[in-house]
Amino acid sequence: MAFIANEGVAPKGDRYDRSSLVNDTENKLYKRTEYGDFIYSSNNLETGSIGINKYGKATISPVYSIFQPTGIADSDFIGRRLVRKDFINAMVKWRQGVIYGQWKIHESDFIKIDIAVPRLEEQKKIGAMLDIIDNLITLHQRKHFYERAKRL
């Protein structure tokens, strides 16, 4: 599987198939991920390589860091919270390295980042409300798309 910016875990398509770049397929240690896991690649944070696995069981490249939310966090809520610019900016402060694009945020540093969250019950309510808003935005965008298409 692939972890695609702004999409999350998805089947590898031709565009994302980089198997030709992998010389050592026997010793490459792929990582397992399951629905609700938080995944990030510190090399590509600004382009959206951060999010929640909404696909299910998968195996992905070892370049990604994978965390499972604890019982005090709803994965949908955390997924929305952790892609916000303020969290990414807090995360970027922990990067180490000297070459642009090859900085790394060590997992031991990542777990030090504080995230304020309401009670689990409130997280679920907020997530449900945001789902409704997302659906309304999508419907509104489709309406405008069809109106423009009719004019053509």
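The values are calculated or read from the model by the stated rules, or taken from the named source; none is laboratory data. Here the structure is a predicted model, which means the values were calculated and not measured. Methodologically, a virtual Cβ is constructed for each residue, glycine included, from the backbone with ideal geometry; neighbour enumeration extends over all protein chains shown. The area values use the complete protein model at the heavy-atom level, side chains included, leaving out ligands, DNA and RNA. Shrake-Rupley method; radii C 1.70, N 1.55, O 1.52, S 1.80 Å.
Overview of values
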| item | result |
| --- | --- |
| Additional length obtainable on full extension of the chain from Ile88 to Lys31, 0.36 nm per residue less Cα span | 18.2 nm |
| Label point distance in nm, Glu147-Lys104, each placed 7 Å from Cα along Cα→Cβ | 5.2 nm |
| Proximal charge balance of Asp109 [Cβ under 13 Å; K/R count +1, D/E count -1] | +2 |
| Fraction of accessible area attributable to carbon and sulfur, region 34-152 (%, probe 1.4 Å) | 57 percent |
| Nonlocal amide H pairs with Val63, under 5 Å, H built at 1.01 Å | none |
| Where region 38-152 is the region considered: accessible area per residue in Å², 1.4 Å probe | 68 Å² |
| Entries of Lys12/Lys150; Lys28/Lys104; Lys31/Lys124 with Cα pairs more than 30 Å apart | Lys12/Lys150 |
